[in-house]
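The values are calculated or read from the model by the stated rules, or taken from the named source; none is laboratory data. Quick caveat: nothing in here was measured; it's all calculated off a predicted structure. So basically every Cβ, Gly included, is an ideal-geometry build from the backbone, and we count neighbours across all protein chains shown. When the accessible area is computed, the model is the full protein with side chains, heavy atoms only, and any ligands, DNA or RNA have been set aside. Shrake-Rupley method; radii C 1.70, N 1.55, O 1.52, S 1.80 Å.
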Number of protein chains: 2
Amino acid sequence: MNDLEKRRSEGRAAILKALAHPSRVLIVEKLSAKPYCVCELTAMVGADTSTVSKHLSILRNAGIVSDSKQGTSVYYSLEAPCLLRLLDCVESVIQQNLQRQLSYLKA
Amino acid sequence: MNDLEKRRSEGRAAILKALAHPSRVLIVEKLSAKPYCVCELTAMVGADTSTVSKHLSILRNAGIVSDSKQGTSVYYSLEAPCLLRLLDCVESVIQQNLQRQLSYLKA
DNA sequence: TTGTTATTTGGCAATATGGCCAATATTTGA
DNA sequence: TCAAATATTGGCCATATTGCCAAATAACAA
(Lines give C-alpha, C1' and ligand atoms only; values in the text may rest on other atoms or scores of the structure.)
Protein backbone atom coordinates (compact mmCIF):
# COMPACT_ATOMS: atom_id res chain seq x y z
CA MET A 1 0.00 0.00 0.00
CA ASN A 2 1.73 3.20 -1.16
CA ASP A 3 1.23 6.56 0.51
CA LEU A 4 -1.47 7.76 -1.86
CA GLU A 5 -3.48 4.57 -1.49
CA LYS A 6 -2.97 4.69 2.25
CA ARG A 7 -4.31 8.23 2.59
CA ARG A 8 -7.21 7.43 0.29
CA SER A 9 -8.22 4.37 2.28
CA GLU A 10 -7.90 6.27 5.54
CA GLY A 11 -10.12 9.08 4.29
CA ARG A 12 -12.78 6.73 3.06
CA ALA A 13 -12.68 4.63 6.19
CA ALA A 14 -13.12 7.78 8.28
CA ILE A 15 -16.41 8.60 6.54
CA LEU A 16 -17.62 5.02 6.86
CA LYS A 17 -16.64 4.96 10.52
CA ALA A 18 -18.71 8.07 11.13
CA LEU A 19 -21.73 6.21 9.73
CA ALA A 20 -21.03 2.87 11.39
CA HIS A 21 -23.20 3.08 14.47
CA PRO A 22 -26.89 2.13 14.83
CA SER A 23 -27.92 5.50 16.26
CA ARG A 24 -26.04 7.39 13.56
CA VAL A 25 -27.56 5.26 10.80
CA LEU A 26 -30.99 5.99 12.23
CA ILE A 27 -30.24 9.71 12.41
CA VAL A 28 -29.16 9.78 8.76
CA GLU A 29 -32.31 7.95 7.72
CA LYS A 30 -34.53 10.32 9.69
CA LEU A 31 -32.75 13.40 8.33
CA SER A 32 -33.28 12.14 4.79
CA ALA A 33 -36.92 13.17 5.16
CA LYS A 34 -36.39 16.60 6.73
CA PRO A 35 -34.23 18.47 9.25
CA TYR A 36 -34.78 17.77 12.94
CA CYS A 37 -33.52 19.42 16.10
CA VAL A 38 -31.42 17.60 18.69
CA CYS A 39 -34.35 17.13 21.07
CA GLU A 40 -36.45 15.49 18.35
CA LEU A 41 -33.60 13.20 17.32
CA THR A 42 -32.95 12.41 20.97
CA ALA A 43 -36.52 11.19 21.30
CA MET A 44 -36.19 9.09 18.13
CA VAL A 45 -32.90 7.51 19.16
CA GLY A 46 -33.91 7.00 22.77
CA ALA A 47 -30.64 7.90 24.46
CA ASP A 48 -29.30 10.72 26.59
CA THR A 49 -29.24 14.17 24.95
CA SER A 50 -25.50 14.39 25.45
CA THR A 51 -25.01 11.06 23.73
CA VAL A 52 -27.06 12.10 20.70
CA SER A 53 -25.29 15.44 20.58
CA LYS A 54 -21.96 13.63 20.40
CA HIS A 55 -23.24 11.37 17.63
CA LEU A 56 -24.33 14.46 15.71
CA SER A 57 -20.95 16.08 16.15
CA ILE A 58 -19.29 12.95 14.71
CA LEU A 59 -21.58 13.15 11.67
CA ARG A 60 -20.96 16.89 11.34
CA ASN A 61 -17.18 16.49 11.51
CA ALA A 62 -17.42 13.94 8.71
CA GLY A 63 -19.39 16.42 6.59
CA ILE A 64 -22.43 14.16 6.56
CA VAL A 65 -24.78 16.61 8.28
CA SER A 66 -24.86 20.36 8.87
CA ASP A 67 -26.41 22.33 11.71
CA SER A 68 -28.21 25.65 12.04
CA LYS A 69 -29.36 27.30 15.22
CA GLN A 70 -32.97 28.46 15.54
CA GLY A 71 -33.80 29.95 18.92
CA THR A 72 -32.60 27.59 21.60
CA SER A 73 -32.78 24.63 19.23
CA VAL A 74 -30.16 23.35 16.79
CA TYR A 75 -31.51 21.81 13.62
CA TYR A 76 -29.51 19.23 11.69
CA SER A 77 -29.82 18.51 7.95
CA LEU A 78 -28.44 15.76 5.74
CA GLU A 79 -25.65 17.09 3.54
CA ALA A 80 -24.88 14.14 1.28
CA PRO A 81 -27.91 12.91 -0.66
CA CYS A 82 -26.10 9.88 -2.10
CA LEU A 83 -25.88 8.43 1.40
CA LEU A 84 -29.37 7.04 0.99
CA ARG A 85 -28.32 5.03 -2.03
CA LEU A 86 -25.34 3.94 0.03
CA LEU A 87 -27.69 2.58 2.66
CA ASP A 88 -29.66 0.85 -0.10
CA CYS A 89 -26.49 -0.96 -1.10
CA VAL A 90 -25.89 -1.94 2.52
CA GLU A 91 -29.44 -3.21 2.65
CA SER A 92 -28.87 -5.30 -0.48
CA VAL A 93 -25.87 -6.94 1.17
CA ILE A 94 -28.09 -7.84 4.10
CA GLN A 95 -30.76 -9.26 1.78
CA GLN A 96 -28.13 -11.26 -0.09
CA ASN A 97 -26.89 -12.69 3.20
CA LEU A 98 -30.43 -13.70 4.11
CA GLN A 99 -30.85 -15.42 0.74
CA ARG A 100 -27.65 -17.33 1.35
CA GLN A 101 -28.77 -18.44 4.78
CA LEU A 102 -32.11 -19.54 3.35
CA SER A 103 -30.49 -21.67 0.68
CA TYR A 104 -28.32 -23.31 3.36
CA LEU A 105 -31.44 -24.14 5.31
CA LYS A 106 -33.06 -25.74 2.27
CA ALA A 107 -29.98 -27.87 1.59
CA MET B 1 -36.77 4.14 17.96
CA ASN B 2 -39.08 1.12 17.89
CA ASP B 3 -37.85 -2.47 17.78
CA LEU B 4 -38.05 -2.81 14.00
CA GLU B 5 -36.14 0.40 13.42
CA LYS B 6 -33.63 -0.60 16.05
CA ARG B 7 -32.90 -3.97 14.45
CA ARG B 8 -32.72 -2.38 11.01
CA SER B 9 -30.22 0.25 12.12
CA GLU B 10 -28.14 -2.33 13.93
CA GLY B 11 -27.96 -4.55 10.86
CA ARG B 12 -26.96 -1.72 8.59
CA ALA B 13 -24.42 -0.39 11.04
CA ALA B 14 -22.88 -3.85 11.29
CA ILE B 15 -22.18 -3.92 7.55
CA LEU B 16 -20.79 -0.40 7.61
CA LYS B 17 -18.62 -1.27 10.60
CA ALA B 18 -17.15 -4.18 8.71
CA LEU B 19 -16.10 -1.76 5.97
CA ALA B 20 -14.92 1.02 8.27
CA HIS B 21 -11.20 0.38 8.42
CA PRO B 22 -8.49 1.62 6.05
CA SER B 23 -7.10 -1.86 5.38
CA ARG B 24 -10.54 -3.29 4.75
CA VAL B 25 -11.45 -0.46 2.40
CA LEU B 26 -8.25 -1.13 0.48
CA ILE B 27 -8.99 -4.84 0.34
CA VAL B 28 -12.46 -4.22 -1.06
CA GLU B 29 -11.05 -1.88 -3.70
CA LYS B 30 -8.39 -4.40 -4.71
CA LEU B 31 -10.88 -7.26 -4.85
CA SER B 32 -13.11 -5.22 -7.15
CA ALA B 33 -10.62 -5.92 -9.93
CA LYS B 34 -10.14 -9.64 -9.31
CA PRO B 35 -9.81 -12.24 -6.56
CA TYR B 36 -6.57 -12.34 -4.57
CA CYS B 37 -5.13 -14.78 -2.05
CA VAL B 38 -4.28 -13.79 1.52
CA CYS B 39 -0.57 -13.56 0.83
CA GLU B 40 -1.12 -11.16 -2.08
CA LEU B 41 -3.46 -9.00 -0.02
CA THR B 42 -1.00 -9.11 2.87
CA ALA B 43 1.65 -7.60 0.62
CA MET B 44 -0.75 -4.91 -0.59
CA VAL B 45 -1.90 -3.95 2.90
CA GLY B 46 1.54 -4.14 4.44
CA ALA B 47 0.64 -5.73 7.77
CA ASP B 48 1.10 -9.08 9.45
CA THR B 49 -0.55 -12.05 7.74
CA SER B 50 -2.58 -12.78 10.84
CA THR B 51 -3.85 -9.22 10.91
CA VAL B 52 -4.95 -9.36 7.28
CA SER B 53 -6.54 -12.75 7.83
CA LYS B 54 -8.61 -11.28 10.65
CA HIS B 55 -9.67 -8.34 8.49
CA LEU B 56 -10.76 -10.80 5.81
CA SER B 57 -12.75 -12.81 8.30
CA ILE B 58 -14.57 -9.64 9.37
CA LEU B 59 -15.45 -8.93 5.72
CA ARG B 60 -16.50 -12.55 5.18
CA ASN B 61 -18.73 -12.59 8.26
CA ALA B 62 -20.45 -9.47 6.93
CA GLY B 63 -21.07 -11.19 3.59
CA ILE B 64 -18.92 -8.69 1.75
CA VAL B 65 -16.37 -11.19 0.47
CA SER B 66 -16.29 -14.94 -0.06
CA ASP B 67 -13.36 -17.32 0.06
CA SER B 68 -12.34 -20.42 -1.85
CA LYS B 69 -9.38 -22.64 -1.16
CA GLN B 70 -6.96 -23.49 -3.96
CA GLY B 71 -4.08 -25.64 -2.82
CA THR B 72 -2.57 -24.07 0.25
CA SER B 73 -3.87 -20.65 -0.69
CA VAL B 74 -7.23 -19.08 0.07
CA TYR B 75 -8.61 -16.73 -2.55
CA TYR B 76 -11.05 -14.01 -1.62
CA SER B 77 -13.61 -12.43 -3.98
CA LEU B 78 -15.88 -9.42 -3.67
CA GLU B 79 -19.48 -10.52 -3.18
CA ALA B 80 -21.39 -7.25 -3.33
CA PRO B 81 -20.75 -5.30 -6.54
CA CYS B 82 -22.70 -2.24 -5.37
CA LEU B 83 -20.04 -1.63 -2.76
CA LEU B 84 -17.97 0.18 -5.36
CA ARG B 85 -20.74 2.69 -5.93
CA LEU B 86 -20.95 2.98 -2.18
CA LEU B 87 -17.30 3.96 -2.07
CA ASP B 88 -17.96 6.45 -4.86
CA CYS B 89 -20.54 8.11 -2.64
CA VAL B 90 -18.07 8.18 0.22
CA GLU B 91 -15.58 9.76 -2.13
CA SER B 92 -18.11 12.42 -3.13
CA VAL B 93 -18.59 13.32 0.53
CA ILE B 94 -14.84 13.78 0.81
CA GLN B 95 -14.76 15.95 -2.31
CA GLN B 96 -17.66 18.02 -1.03
CA ASN B 97 -15.81 18.56 2.25
CA LEU B 98 -12.75 19.71 0.32
CA GLN B 99 -14.87 22.16 -1.68
CA ARG B 100 -16.29 23.54 1.55
CA GLN B 101 -12.84 23.99 3.03
CA LEU B 102 -11.67 25.70 -0.14
CA SER B 103 -14.53 28.19 -0.06
CA TYR B 104 -13.73 28.97 3.58
CA LEU B 105 -10.15 29.69 2.57
CA LYS B 106 -11.29 32.07 -0.17
CA ALA B 107 -13.57 33.96 2.22
C1' DT C 1 6.34 -39.57 7.18
C1' DT C 2 8.48 -35.15 7.31
C1' DG C 3 9.17 -30.58 5.92
C1' DT C 4 7.40 -26.48 3.67
C1' DT C 5 4.13 -23.01 2.56
C1' DA C 6 -0.22 -20.67 3.46
C1' DT C 7 -3.65 -19.52 6.61
C1' DT C 8 -6.20 -19.27 10.86
C1' DT C 9 -6.68 -18.88 15.80
C1' DG C 10 -5.52 -17.63 20.70
C1' DG C 11 -3.63 -14.39 23.67
C1' DC C 12 -2.18 -10.08 25.15
C1' DA C 13 -1.42 -4.98 25.46
C1' DA C 14 -2.49 -0.51 23.65
C1' DT C 15 -5.86 2.35 22.01
C1' DA C 16 -10.53 3.84 20.65
C1' DT C 17 -15.46 4.04 21.29
C1' DG C 18 -19.89 4.67 23.62
C1' DG C 19 -22.93 6.03 27.26
C1' DC C 20 -24.33 8.36 31.31
C1' DC C 21 -23.91 12.07 34.68
C1' DA C 22 -22.63 16.63 35.88
C1' DA C 23 -21.25 21.08 34.60
C1' DT C 24 -21.26 24.76 31.28
C1' DA C 25 -22.88 27.77 27.58
C1' DT C 26 -26.73 30.06 24.91
C1' DT C 27 -31.18 31.83 23.85
C1' DT C 28 -35.60 33.19 25.19
C1' DG C 29 -39.21 35.02 27.93
C1' DA C 30 -41.22 36.46 32.45
C1' DT D 1 -32.06 40.14 36.01
C1' DC D 2 -33.61 35.35 36.71
C1' DA D 3 -35.45 31.13 35.44
C1' DA D 4 -36.43 27.74 31.85
C1' DA D 5 -35.32 25.15 27.78
C1' DT D 6 -31.87 23.38 24.56
C1' DA D 7 -27.20 21.85 23.42
C1' DT D 8 -22.51 21.02 24.11
C1' DT D 9 -18.47 19.62 26.70
C1' DG D 10 -15.64 17.19 30.27
C1' DG D 11 -15.02 13.25 33.03
C1' DC D 12 -15.28 8.63 34.03
C1' DC D 13 -15.91 3.68 33.30
C1' DA D 14 -17.09 -0.35 30.62
C1' DT D 15 -16.46 -2.45 26.44
C1' DA D 16 -14.69 -3.10 21.69
C1' DT D 17 -11.11 -2.88 18.31
C1' DT D 18 -6.57 -3.48 16.49
C1' DG D 19 -2.10 -5.44 15.75
C1' DC D 20 1.61 -8.30 16.73
C1' DC D 21 3.59 -12.73 18.24
C1' DA D 22 3.24 -17.52 18.94
C1' DA D 23 0.88 -21.72 18.29
C1' DA D 24 -2.21 -24.62 15.70
C1' DT D 25 -4.18 -26.26 11.28
C1' DA D 26 -4.31 -27.64 6.29
C1' DA D 27 -2.52 -28.93 1.80
C1' DC D 28 1.07 -30.41 -0.70
C1' DA D 29 5.53 -32.41 -2.15
C1' DA D 30 9.81 -34.87 -1.37
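Within the range A:76-90, residues that are facing chain B (nearest Cβ under 7 Å) reach partners that are charged (D, E, K, R) and buried (at least 19 other Cβ atoms within 10 Å of the Cβ) with beta carbons closer than 8 Å, at six or more positions or on different chains, in the pairs A:Leu87/B:Arg12; A:Val90/B:Arg12.
Going by the conditions given, is B:Ala20 more than 17 Å from A:Asn2 (Cα to Cα) and open to solvent by 60 Å² or more (accessible area, probe 1.4 Å)? Here the answer is no, as B:Ala20 does not meet what is asked.
Of the residues B:Leu41, B:Leu59, B:Leu16, the single one that is in contact with a helix residue (DSSP H, G or I) (Cβ under 8 Å, 6 or more places away or on another chain) and touching a residue at least 40 places away in the same chain (Cβ under 8 Å) is B:Leu59. Within the range A:76-93, if we keep just the residues that are hydroxyl-bearing (Ser, Thr, Tyr) and within 18 Å of A:Lys34 (Cβ to Cβ), the residue that is nearest to DNA strand C (Cβ to nearest atom) turns out to be A:Tyr76. Residue count for the range A:60-75 satisfying the condition of being within 13 Å of DNA strand C (Cβ to nearest atom) and within 11 Å of another protein chain (Cβ to nearest Cβ): 2.
In the range B:45-67, is there at least one residue being open to solvent by 40 Å² or more (accessible area, probe 1.4 Å), over 25 Å from B:Ala14 (Cβ atoms) and either more than 16 Å from DNA strand D (Cβ to nearest atom) or among the basic types (Lys, Arg) (or both)? Within the range B:45-67 (the criterion being open to solvent by 40 Å² or more (accessible area, probe 1.4 Å), over 25 Å from B:Ala14 (Cβ atoms) and either more than 16 Å from DNA strand D (Cβ to nearest atom) or among the basic types (Lys, Arg) (or both)), the answer is no, since none of the residues qualifies. Quick check, is A:Glu5 of a type in the set (Asp, Glu), open to solvent by less than 40 Å² (accessible area, probe 1.4 Å) and within 12 Å of another protein chain (Cβ to nearest Cβ)? When the stated conditions are applied, A:Glu5 does not pass them. Of all residues in the range B:24-38, those satisfying the criterion of being more than 9 Å from chain A (Cβ to nearest Cβ) and open to solvent by 20 Å² or more (accessible area, probe 1.4 Å) are B:Lys30, B:Ser32, B:Ala33, B:Lys34, B:Pro35, B:Tyr36, B:Val38. In the range B:50-90, how many residues are at pLDDT below 95 and within 19 Å of A:Ser66 (Cα to Cα)? Of the residues in the range B:50-90, 1 are at pLDDT below 95 and within 19 Å of A:Ser66 (Cα to Cα).
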